[in-house]
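Everything on this sheet refers to the single structure shown next.
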Number of protein chains: 2
Amino acid sequence: MEPQEKFVEDFGLFFEAQNLNRTAGRIFGWLLICTPAEQTLDDLTDALQMAKSTVSTSARFLDEVGMVERVSKPGIRKDFYRIRPGFWEQALKGAMSQFAGFKQFAERGMDLVADDAAPEQVRVLKEMHSVYSFFSREFPALLEQWEREHREALNDES
Amino acid sequence: MEPQEKFVEDFGLFFEAQNLNRTAGRIFGWLLICTPAEQTLDDLTDALQMAKSTVSTSARFLDEVGMVERVSKPGIRKDFYRIRPGFWEQALKGAMSQFAGFKQFAERGMDLVADDAAPEQVRVLKEMHSVYSFFSREFPALLEQWEREHREALNDES
DNA sequence: CGGTTTGTTCGGTATTGACCGAATGAACCG
DNA sequence: CGGTTCATTCGGTCAATACCGAACAAACCG
């Protein structure tokens, strides 16, 4: 298996572990390393050796969830897919909202525990709440810090 | 549906979205709010209205992945399950290793892109790498900060 | 308009996984 | 040892989902 193929397959599995389907993972993995960066449906079916229908469905899915975008070019009838610029930053923001979700569950849980609950019981919920409210609070600043550093790095290059 | 039941079901769905099975999510959700905090298999089957075999399998799964632990009590033959103390902190460390995984994929990807790749292509991989190496680097300190704050909060209570 | 190129949808199959009840096993007690 | 109380494992069923090829639809070109 070519290193590119290996990369694509591994990425597919990795995606599957994040609860996204494997085909979508393969498409995304391929889009990360292919040349040119924009690929038509036919390019993708060719590269991934899957039915066009399958690729179409998954590519559109990736578009809908904002991981990939579809672009058109003048004079060419085919659609082109590419990874959405800024996607990775958006992914981190997604992780942040996960934190908020956990925090809410912790709060709901604390409302529900019985008054005669054992102290260790309450402790678990408190730890949960503590962790996620801390990170909901601190994460945005960290993200901003990354943005600054990243912009600087880009400027240094040019 | 009782609020407890609702909590348990919601938690099951939430867990499912994190790619863990729903039964395991229900068990975990129930363990967060039940009294007493330690529950036998029979307690669990009773609370969740599922077959003992199912609960057994999922409870053991939660034990294996370290989310729950099994404890025994003198003079009682049943096993007791409870949420593993310190679990939430451990969960965050797990998120950290996710970061490392993504970072590695970014590095593998950069080795694979063709030399004549378009600049936007390289930019995506660079952004990916930048995000995840930043967080691999910064996250541990944040975690330590949380630990300090949390310990202080515990001391204030006692 | 008829033919071609492109993308989407639809029906079917095969695989996977959740969940169940029944059988099995293992520890304990009389 | 025989019976009881636990937990685990096993075989089967049902539902969900990935993936395919073929049919369809829509845009374009001569």
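Among the residues that make up the stretch A:66-77, is at least one of them among the basic types (Lys, Arg), on the phi < 0 side of the Ramachandran plot and at pLDDT below 95? Within the stretch A:66-77, one or more residues are among the basic types (Lys, Arg), on the phi < 0 side of the Ramachandran plot and at pLDDT below 95. Just one of (1) more than 7 Å from every other protein chain (Cβ to nearest Cβ); (2) closer than 19 Å to B:Val8 by Cα; (3) in a helix (DSSP H, G or I) fails for A:Pro140. It is (2).
Please state which one of B:Arg60, B:Arg84 is without any contact (Cβ under 8 Å) to a residue 24 or more places away in the chain, within 13 Å of DNA strand D (Cβ to nearest atom) and charged (D, E, K, R).
One residue alone meets the criteria, B:Arg60.
Just one residue in the set A:Leu20, A:Leu92, A:Leu62, A:Leu13 is modelled with pLDDT of 90 or more and either of a type in the set (A, V, I, L, M) or touching a helix residue (DSSP H, G or I) at 6+ places or on another chain (Cβ under 9 Å) (or both); that residue is A:Leu62. Restricting attention to the stretch A:74-112, the residues being hydrophobic (A, V, I, L, M, F, W, C) and farther than 16 Å from A:Glu138 by Cα number 10. The listed residues are A:Met96, A:Met110, A:Met67, and the only one of them that is more than 16 Å from DNA strand D (Cβ to nearest atom) and either assigned by TED's automatic domain parsing to the domain that holds A:Phe15 or in contact (Cβ under 8 Å) with a residue 40 or more places away in the chain (or both) turns out to be A:Met96. Here is a check on your reading of the model: is B:Asp156 within 18 Å of A:Pro3 (Cα to Cα) and surrounded by fewer than 15 Cβ atoms within 10 Å (Cβ to Cβ)? The answer is no for B:Asp156. Kindly indicate the residue of the stretch A:25-55 that is in contact (Cβ under 8 Å) with a residue 40 or more places away in the chain and within 26 Å of B:Ala17 (Cβ to Cβ) and also farthest from the other protein chains (Cβ to nearest Cβ) among those meeting that condition. Among residues in the stretch A:25-55 that are in contact (Cβ under 8 Å) with a residue 40 or more places away in the chain and within 26 Å of B:Ala17 (Cβ to Cβ), the one farthest from the other protein chains (Cβ to nearest Cβ) is A:Ile27.
Of the helices (runs of 4 or more DSSP H) lying entirely inside the stretch A:1-114, those containing at least 3 residues that are within 11 Å of DNA strand C (Cβ to nearest atom) and over 30 Å from B:Gly12 (Cβ atoms) span A:41-48, A:52-64.
When restricted to residues that are surrounded by fewer than 19 Cβ atoms within 10 Å (Cβ to Cβ) and either without any contact (Cβ under 8 Å) to a residue 40 or more places away in the chain or basic (Lys, Arg) (or both), the stretch A:127-136 contains 1.
Applying the set (1) under 23 Å from A:Gln98 (Cα atoms); (2) buried (at least 21 other Cβ atoms within 10 Å of the Cβ); (3) free of Cβ contacts under 8 Å to residues at least 40 places away in the same chain to B:Asn19 leaves exactly one unmet item: (2).
With respect to the stated conditions, B:Val122 fails to be in contact with a Phe, Trp or Tyr (Cβ under 9 Å, 6 or more places away or on another chain), of a type in the set (A, V, I, L, M), within 24 Å of A:Cys34 (Cα to Cα) and in a helix (DSSP H, G or I). Applying the set (1) more than 11 Å from chain A (Cβ to nearest Cβ); (2) under 30 Å from B:Val124 (Cα atoms); (3) surrounded by 15 or more Cβ atoms within 10 Å (Cβ to Cβ); (4) among the polar types (S, T, N, Q) to B:Ser97 leaves exactly one unmet item: (3). The number of residues in the stretch A:107-121 being more than 7 Å from chain B (Cβ to nearest Cβ) and either closer than 16 Å to B:Arg84 by Cβ or among the acidic types (Asp, Glu) (or both) comes to 3.
The values are calculated or read from the model by the stated rules, or taken from the named source; none is laboratory data. The structure displayed is predicted, hence computed values, not measured ones. Because the Cβ atoms are built from the backbone with ideal geometry, glycine has one as well, and the counts that use them run over all protein chains shown.
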